[in-house]
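This report refers to the structure that appears directly beneath it.
Every read-out reported here was derived from the displayed coordinates using simple, explicitly stated rules and does not represent laboratory data. From a predicted model like this one, the values you see are computed outputs, not experimental measurements. We place every Cβ from the backbone using ideal geometry, glycine too, and count neighbours over all the protein chains shown.
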Amino acid sequence: MKERQEDLRGLLKEHRQIMTGLSVLILLSVAAVVMMCLTKDKAEHISSGEVQREQDNGPAEEVVSMRLLRENLGCLAMEANPLAEASEEGLKEAVAEYYEELAGHADFVDSYNNLCIYTKLGKYKGTYITFVRYDMKIRDIYTMVPGLGTLYLEEDEQHNFQVESKSGDEEVQEYVNDIVAHEDVQKLMLGIQKDYAEAAASDAMLAEALSDLKNAYENQTKR
């Protein structure tokens with residue numbers, strides 16, 4: 001039991017390198033992304049779609065203006081930023097490589113299978129929030145565990161995608177918290193919860209492993 005809990009702690013540590021928990025499920029890791037501290041006047045210009053070039057007022061105003069030019073205006077609204085299945089091959093490859101590497105560093109996870117990738121726009125152009133539905137194969141347990149991960153990706157000028165670690169970025173956290181509250185994301189998460197409960201109920205060995213994971217998680221958060 002002690003050895004298994006140590007392995008489970010290792011997995012939790014690996015997940016937190018990029019993803020922060022949202023308490024959907026013990027095995028669900030969901031992250032976060034971006035918000036600027038603007039004056040009320042600047043915020044009004046953003047909401048109306050206006051961009052000011054206030055270069056005469058100094059470097060700080062110019063920086064704000066340039067960042068506004070890069071924003072995905074309206075991205076906080078679900079209607080303007082709906083959850084969509086990923087179509088970019090580069091993005092899908094980057095996500096698949098991330099989960100392959102994650103499994104390779106885990107002591108008791110064989111693989112993450114059946115990846116289904118959904119995306120929403122990040123706050124800035126070239127950034128994406130991805131919600132990844134997967135089936136996790138735990139070593140020596142037949143039944144796979146449904147899970148959901150959230151990753152933050154950036155696209156460069158050559159259209160290459162990179163998974164970025166932004167879990168400690170308060171702006172990132174605040175933005176993703178807003179995105180996760182969208183009705184379409186909540187619907188996806190509820191579906192995963194249902195699949196997770198059905199899997200745990202169908203396999204006694206899996207239920208025991210999940211109980212060990214829950215205990216390891218609770219013990220670690222108490223430290």
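Between GLU183 and ALA80, the simple label model (points 7 Å from Cα in the Cβ direction) yields a spacing of 1.8 nm. Listed here are the pairs LYS125/LYS194; LYS125/LYS222; LYS123/LYS222; LYS137/LYS214; which of them are more than 29 Å apart at the Cα? Beyond 29 Å between Cα atoms: LYS125/LYS194; LYS125/LYS222; LYS123/LYS222.
Full extension of the chain segment joining GLU154 with GLN193 gains 11.2 nm, where the gain is 0.36 nm per residue of separation less the Cα-Cα distance.
Per-residue extension of 0.36 nm, minus the Cα-Cα distance of ARG70 and GLU100, leaves a gain of 7.6 nm for this segment.
Sequentially through region 103-120, phi angles give Karplus couplings (6.51, -1.76, 1.60; θ = phi - 60°) of 5, x, 9, 8, 6, 10, 9, 7, 6, 10, 10, 6, 5, 10, 10, 10, 10, 9 Hz, Gly and Pro residues having no value and appearing as x. Modelled label positions at SER202 and ASP110, each set 7 Å beyond Cα in the direction of Cβ, lie 1.5 nm from each other. Multiplying the residue separation of GLN162 and GLN220 by 0.36 nm and subtracting their alpha-carbon distance yields 17.9 nm.
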